[in-house]
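> Take this structure first; my questions come after.
Nothing in this text is a laboratory measurement; each read-out follows from the coordinates by a stated rule. Source: prediction; values computed, not measured. In this analysis, Cβ positions are derived from the backbone assuming ideal geometry, glycine residues included, and neighbour counts consider all displayed protein chains.
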Amino acid sequence: MGREGRVPDLLTASPVNELADRFWEWFLERQPFYATVFGDERYDDRLADPSAAARAAEQRALRGFLGEAQALTAAGGLGQEERITADMLAVVARIQLSLHEHRVHHIDAVDQLYGPQSMPGELGRYQRVDTPERLDRLIARLAAYPDHMAAHRANIDEGVAEGRTAAGAVHERVLEQTRRMAATPLDQSALLVMHPELDGAARGRLRDAVERYVQPALAEHARYMEAYAEHARVDPGLWAMPGGDELYRTLILSNTTLELEPQDLHDYGLEQLGLIEREQADIAAELGFASAAAMRANLESDPGNGFSERHQMVELAERQITRASALAPRYFGRLPRAPLEVRAVEEFQEAEAPPAFYAPPAPDGSRGGIFFINTYQPESRPVHRIAAATFHEAVPGHHFQIAIESELEGLPRFRTLGSRLAGAAYPEGWGLYAERLADEMGLYDGPRERLGMLDAQAWRAARLVVDTGIHALRWTRDQSVALLRRIGLSQLEAETETDRYIAWPGQALAYMTGMREIMALRRELEARDGARFDLRAFHDAVLGHGSLPLATLRRELPGWVAPH
């Protein structure tokens with residue numbers, strides 16, 4: 001795709017679709033890195049503007065989009081997809097305005113997962129530099145990096161002045177990560193390591209830009225983070241800072257698109273944990289163990305249940321994807337066209353990264369989907385738990401859901417590319433549903449991997465408990481780590497995950513909340529249609545309209561699946 005290019009429109013012009021296109025164009029210009037991820041190179045020479053003036057302009061624009069979407073809906077006469085599009089636009093605008101109202105910018109830049117210190121590595125992962133013009137744009141972007149970091153620090157300072165700061169555990173991870181990146185030798189920086197194809201002259205230009213702009217900006221940020229230590233809040237939960245309760249409710253809405261009570265989510269998580277633990281006990285008994293804990297202890301001490309080399313993890317995931325892909329046509333009528341690659345998480349991020357995650361394909365076909373698996377300390381990664389991660393993130397999980405979404409025709413780009421803005425509950429709910437579907441498909445290789453699947457399900461149920469526990473019910477970090485250890489996570493994983501929930505409030509609620517809605521709809525249709533229920537048609541309907549707010553999914557989906 002050229003600098004001026006975009007994915008061509010294949011939909012009929014209408015006021016709703018025109019509004020959606022205007023919103024999407026505005027969003028990409030406001031968040032240029034997202035455009036890069038989606039293969040749109042028009043803004044590859046700039047970074048987002050996190051300044052107060054830019055936030056004020058964003059709020060004015062969002063209020064305008066919200067008003068237009070509401071007016072179109074109120075006028076009536078919309079077709080089904082147009083009604084969904086207008087509904088999603090209104091949901092996204094309301095959520096973003098609420099995040100502004102509750103000043104999420106005070107803390108969102110102190111984040112070991114997606115904080116601004118990670119941007120050089122992300123650019124290395126996604127931005128193309130295979131022509132002189134593309135390299136020019138990347139270097140221009142890197143030249144803007146010091147000011148970008150300074151603007152984030154101004155937001156953080158504003159939070160400090162109001163007593164609204166990040167938690168100490170998150171600060172420590174950000175500081176350690178930033179120090180490590182600032183001290184990385186130039187030739188080992190992510191931007192250079194990820195582009196071995198560059199010739200000597202191009203590599204020299206990029207190296208000079210890293211030396212001039214990136215490393216000094218990271219070093220300055222590390223010094224700032226050192227001084228920030230005295231301001232980091234002692235208690236990990238949002239409840240401990242002014243306005244934290246209100247911000248947490250907004251983050252629940254942002255991630256689930258539903259107005260849910262923290263206590264209700266906490267209680268549901270405990271209920272689901274109880275049900276899953278009974279399933280685990282049944283598997284343990286089948287294999288002659290007195291309890292799931294005893295079976296898990298046996299697995300932890302079994303040398304055959306560990307990895308000695310990083311590459312073994314990647315190769316296992318590749319075999320699992322091959323097996324799942326072969327069976328998928330029995331369960332899906334629609335299959336993704338985009339290819340899928342398995343990669344190890346890069347060294348710059350692996351110590352803080354989750355066990356696995358998925359990156360979407362570029363719409364122009366220049367990059368397929370990527371299943372990233374974390375091979376850091378491979379001896380600590382149990383073999384029996386890799387399958388559930390593969391089926392969640394890759395096939396039939398996020399690769400099916402996200403790649404198919406990006407390939408839908410007749411919908412505005414906001415629906416096919418930007419629907420993740422409408423909360424994480426639909427996509428993460430699908431990923432968690434895919435773990436259970438993989439069991440129906442017979443993809444788990446024996447009771448051990450089935451226990452791994454149940455461990456993964458218990459982990460997501462526990463997320464409801466610990467996220468609400470930390471941010472609303474005044475849990476300590478140690479309480480969260482203890483619960484995650486109880487359900488089978490290693491000490492390293494329990495600590496990494498807990499710090500993820502502290503840094504990213506509400507996101508962990510999306511998984512089980514989304515799966516609950518998908519499973520409820522499936523049960524409703526199975527009861528309605530009986531023997532005529534068509535599972536392939538159900539899956540095609542769930543995936544055939546892109547990611548949706550949960551309320552929209554519940555309202556619309558039953559009408560998409562006709563009895564057979």
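> Can you give the charge dipole size of segment 455-564 about its Cα centre, rounded to the nearest 20 debye, using +1 on the beta carbon of Lys and Arg and -1 on the beta carbon of Asp and Glu?
240
> Further question: If a/c stays under 1.5 just call it rounded; otherwise compare a/b with b/c (prolate if a/b is bigger, oblate if not). Do that for segment 15-244, with a ≥ b ≥ c from the square roots of the Cα gyration tensor eigenvalues.
oblate
> Say the dipole of segment 253-516 comes from +1 at the beta carbon of Lys and Arg and -1 at that of Asp and Glu; which of 501, 262, 398 then lies farthest toward its positive end?
398
> Moving to a separate point now. Residue by residue, what Karplus-based ³J(HN,Hα) values in Hz, rounded to whole numbers, does segment 254-268 have, using 6.51, -1.76 and 1.60 with θ = phi - 60° and x for Gly and Pro?
4, 8, 10, 6, 10, 8, 10, 7, x, 5, 5, 5, 4, 5, 5
> Considering only DSSP beta bridges whose two residues both sit in segment 253-516, what percent are antiparallel, to the nearest 5?
45
> I'd like to know which of 97, 142, 126 lies farthest towards the positive end of the charge dipole of segment 29-188, counting +1 on Cβ of Lys and Arg and -1 on Cβ of Asp and Glu.
97
> Please arrange 476, 322, 513 by how many other C-beta atoms lie within 10 Å of their C-beta, fewest to most.
Final ranking by Cβ density, sparse to dense: 322, 476, 513.
> Kindly identify segment 135-279 as rounded, prolate or oblate by the Cα gyration tensor criterion: order the square roots of the eigenvalues as a ≥ b ≥ c, call it rounded if a/c is under 1.5, otherwise compare a/b with b/c, prolate if a/b is larger, else oblate.
prolate
> Now, a different point. For segment 253-516, with equal point scatterers placed on the C-alpha atoms only and solvent neglected, what are the log10 I(q)/I(0) values from the Debye formula at q = 0.11, 0.12 1/Å, to two decimals?
Calculated log10 I(q)/I(0) at the listed q: -0.60, -0.72.
> Per residue of segment 154-162, what does 6.51 cos²θ - 1.76 cosθ + 1.60 with θ = phi - 60° give for ³J(HN,Hα)? Whole Hz please, x for Gly and Pro, Karplus curve as stated.
5, 5, 5, 4, 4, x, 4, 4, 9
> Could you tell me what percent of the DSSP beta bridges with both partners in the chain are antiparallel, to the nearest 5?
40
> Would you please give the residues with an amide H less than 5 Å from that of residue 356, counting only those at least 5 places away or on a separate chain, with H modeled from the backbone geometry?
Sorted by chain and number, the residues that satisfy this are 374.
> List 321, 252 from most exposed to least, where exposure is judged by having the fewest other Cβ atoms within 10 Å.
Arranged by neighbour count, lowest to highest, 321, 252 become 321, 252.
> From the phi angles alone, apply the Karplus equation (6.51, -1.76, 1.60; θ = phi - 60°) to segment 62-74 and give each ³J(HN,Hα) in whole Hz, x where the residue is Gly or Pro.
These are the phi-based 3J(HN,Hα) values: 4, 4, x, 4, 4, x, 5, 5, 5, 5, 5, 5, 5 Hz.
> I need the shape label for the chain. Rule: rounded when a/c is under 1.5, else prolate if a/b > b/c, else oblate, with a, b, c from the alpha carbon gyration tensor.
rounded
> Quick one: if the Förster radius is 56 Å, what FRET efficiency do residue 220 and residue 290 give, using the C-beta to C-beta distance and rounding to 0.05?
So, using R0 = 56 Å, E works out to roughly 0.50.
> Over the chain, what is the relative contact order in percent, taking alpha-carbon pairs closer than 8 angstrom and at least six residues apart?
This gives 18 percent for the chain.
> Shifting gears a bit: Amide H to amide H, which residues 5 or more places from residue 341 or on other chains are under 5 Å from it, using H placed in the peptide plane?
369, 370, 371
> Could you line up 213, 426, 114 from fewest to most neighbouring Cβ atoms inside 10 Å?
114, 213, 426
> Taking the Cα centre of each part, how many Å lie between segment 447-520 and segment 139-171?
Segment 447-520 and segment 139-171 have Cα centres separated by 28 Å.
> Let me ask something additional. If you put +1 on each Lys and Arg Cβ and -1 on each Asp and Glu Cβ, how big is the dipole of the chain around its Cα centre, in Debye rounded to 20?
About 400 debye.
> Please provide three numbers in whole Å: the alpha-carbon extents of segment 106-152 along the principal axes, with the largest listed first.
Cα spread of segment 106-152 along its principal axes, largest to smallest: 38, 20, 9 Å.
> Tell me which residues come under 5 Å, amide H to amide H, from residue 167 once H is placed; ignore anything under 5 positions away on its chain.
Here the answer is 233, since their amide H atoms fall under 5 Å of that of residue 167.
> About the Cα centre of segment 15-244, how large is the charge dipole given +1 on each Lys and Arg Cβ and -1 on each Asp and Glu Cβ? Please answer in debye to the nearest 20.
300
> Putting +1 on Lys and Arg Cβ atoms and -1 on Asp and Glu Cβ atoms, find which of 31, 196, 181 reaches farthest to the positive end of the dipole of segment 15-244.
With unit charges placed on the Cβ atoms, the residue in question is 181.
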